[in-house]
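Asker: I'd like to ask some things about the structure below.
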Amino acid sequence: MSLRVIQLTDLHLLPPGELLMGLDVNARLEATLKQIATLEPDALFITGDFCAHEPVQEVYHRLRSRFEVFDVPHFVIPGNHDDRAMMRAAYPLMPGEGQEPIYGSVELAREWFLFVDSSPGVVDPPQLDWLAEAVVEHPTATVIIHHPPIKMGMPFMDDNYPLRDTDRLLDILTTDGRRRRVLCGHYHAARTVSYRNLDVLLCPPTSFFIYPGADEFMMEDHPPGFQLLEWADDGSFRQTVYATSARPAELQK
């Protein structure tokens, strides 16, 4: 059975009517969801930063109703702008309660996915213990995490907001030498970087984009993005990065 997964990341939503650095992030998400509906995915992965600034409970409840219209499973992990307890109040999540990390394994169409919680900017030791066992049990599994586990060649993000203390994480993911995909967000750009046996697929945001080559924060003018990930019956894999075809009004100024 083939599998089609849509990944969304870095929504950075605000209350209706508010703008983020001149962008209507809510309209950008709606334009994205409209295009996703035409692709008929089997599942949605939303990889963190639901909220723009401080976490807001209403954002999580509002998003749950928007994702449920697709009538396919959707899986969420927190980013550094999220609150685990608020997410748990809105979504049926993986085991745990309150502010405990949100992580676990999921099987879809005979493909395994390992969801890791990096929202504090580091992956805690109990998760790493679990991940070390999970990659042995599911060696071909795809790893989903908010922060890239490696530097991505974007100076501003690499120097200021990288995932910290990655030595053991990278050891777990690379020691067996098996080719492994990592799906992530956080950097507000689209690119794929290979490191040892890892292919790190950076999903574009629905909110604002950061210019990849800048040493300081610099926005780029792009329509909201997402990526389609496809696993075929013959074992092949395809990644398609999308920009929404309908540009929200604030991008047309």
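Asker: Please specify each residue of segment 203-217 satisfying the condition of being under 11 Å from Pro155 (Cα atoms) and either at pLDDT below 95 or of a type outside the set (Asp, Glu) (or both).
Answerer: The initial filter retains those residues of segment 203-217 that are under 11 Å from Pro155 (Cα atoms), namely 210-217.
Selection gives Ile210, Tyr211, Pro212, Gly213, Ala214, Phe217.
Asker: Sticking with this one: Within segment 160-187, restricting attention to residues that are among the acidic types (Asp, Glu) and part of a helix (DSSP H, G or I), which residue is most open to solvent (accessible area, probe 1.4 Å)?
Answerer: First pass over segment 160-187, keeping only residues among the acidic types (Asp, Glu): 165, 167, 171, 176.
Remaining after also requiring part of a helix (DSSP H, G or I): 167, 171.
Numbers: Asp167: 129, Asp171: 87 Å².
Of everything passing the filter in segment 160-187, Asp167 is most open to solvent (accessible area, probe 1.4 Å).
Asker: Hey, among the residues in segment 36-55 that are without any contact (Cβ under 8 Å) to a residue 40 or more places away in the chain and part of a loop (DSSP other than H, G, I, E, B), which one's farthest from the chain's Cα centre (by Cα)?
Answerer: If we take residues in segment 36-55 being without any contact (Cβ under 8 Å) to a residue 40 or more places away in the chain and part of a loop (DSSP other than H, G, I, E, B), then Thr38 is farthest from the chain's Cα centre (by Cα).
Asker: If I filter segment 97-124 down to residues being out of contact with any Phe, Trp or Tyr (no Cβ under 8 Å at 6 or more places or on another chain) and of a type in the set (Gly, Ala, Ser), which single residue comes out as nearest to Ile145 (Cα to Cα)?
Answerer: Ser118
Asker: Any residue that is in contact with a His (Cβ under 9 Å, 6 or more places away or on another chain) and over 29 Å from Leu173 (Cα atoms) - is there at least one of those in segment 97-113? Working first, answer last.
Answerer: Our first condition is that a residue be in contact with a His (Cβ under 9 Å, 6 or more places away or on another chain); within segment 97-113, this holds for 105, 107, 112-113.
Now drop any that are not over 29 Å from Leu173 (Cα atoms), which leaves none.
The answer is no; no qualifying residue exists.
Asker: Closer than 20 Å to Thr9 by Cα, in a helix (DSSP H, G or I) and among the hydrophobic types (A, V, I, L, M, F, W, C), is that true of Met157?
Answerer: Spelling it out, Met157 is indeed closer than 20 Å to Thr9 by Cα, in a helix (DSSP H, G or I) and among the hydrophobic types (A, V, I, L, M, F, W, C).
Asker: If you don't mind, another one. What number goes with the only condition from (1) more than 15 Å from the chain's Cα centre (by Cα); (2) open to solvent by less than 50 Å² (accessible area, probe 1.4 Å); (3) among the aromatic types (Phe, Trp, Tyr) that Phe115 does not pass?
Answerer: Of everything listed in (1) more than 15 Å from the chain's Cα centre (by Cα); (2) open to solvent by less than 50 Å² (accessible area, probe 1.4 Å); (3) among the aromatic types (Phe, Trp, Tyr), Phe115 misses just condition (1).
Asker: For residues that are surrounded by fewer than 15 Cβ atoms within 10 Å (Cβ to Cβ) and part of a helix (DSSP H, G or I), tally how many sit in segment 128-154.
Answerer: Filtering segment 128-154 down to residues surrounded by fewer than 15 Cβ atoms within 10 Å (Cβ to Cβ) leaves 129, 133, 136-137, 139-140, 153.
Next cut, part of a helix (DSSP H, G or I) only: 129, 133, 136-137.
Adding up the residues that qualify gives 4.
Asker: Related question: Which residues, taken from segment 21-34, are open to solvent by less than 50 Å² (accessible area, probe 1.4 Å) and either of a type in the set (D, E, K, R) or in contact with a Phe, Trp or Tyr (Cβ under 7 Å, 6 or more places away or on another chain) (or both)? Steps first, please.
Answerer: Initially, segment 21-34 is screened for residues open to solvent by less than 50 Å² (accessible area, probe 1.4 Å), giving 22-29, 31-33.
Answer for segment 21-34, where residues must be open to solvent by less than 50 Å² (accessible area, probe 1.4 Å) and either of a type in the set (D, E, K, R) or in contact with a Phe, Trp or Tyr (Cβ under 7 Å, 6 or more places away or on another chain) (or both): Leu23, Asp24, Arg28, Thr32.
Asker: Another one. Please enumerate the residues belonging to segment 56-82 that are without any contact (Cβ under 8 Å) to a residue 60 or more places away in the chain, crowded, with 19+ Cβ neighbours inside 10 Å and out of contact with any strand residue (DSSP E or B) (no Cβ under 7 Å at 6 or more places or on another chain).
Answerer: Those that are without any contact (Cβ under 8 Å) to a residue 60 or more places away in the chain, crowded, with 19+ Cβ neighbours inside 10 Å and out of contact with any strand residue (DSSP E or B) (no Cβ under 7 Å at 6 or more places or on another chain): Tyr60, Leu63.
The values are calculated or read from the model by the stated rules, or taken from the named source; none is laboratory data. Since this is a predicted model, take the numbers as computed values, not measurements. Note that each Cβ is placed from the backbone with ideal geometry, even for glycine, and that neighbours are counted across all protein chains shown. In case anyone asks, the SASA skips ligands and DNA or RNA and just uses the protein heavy atoms, side chains included. Shrake-Rupley method; radii C 1.70, N 1.55, O 1.52, S 1.80 Å.
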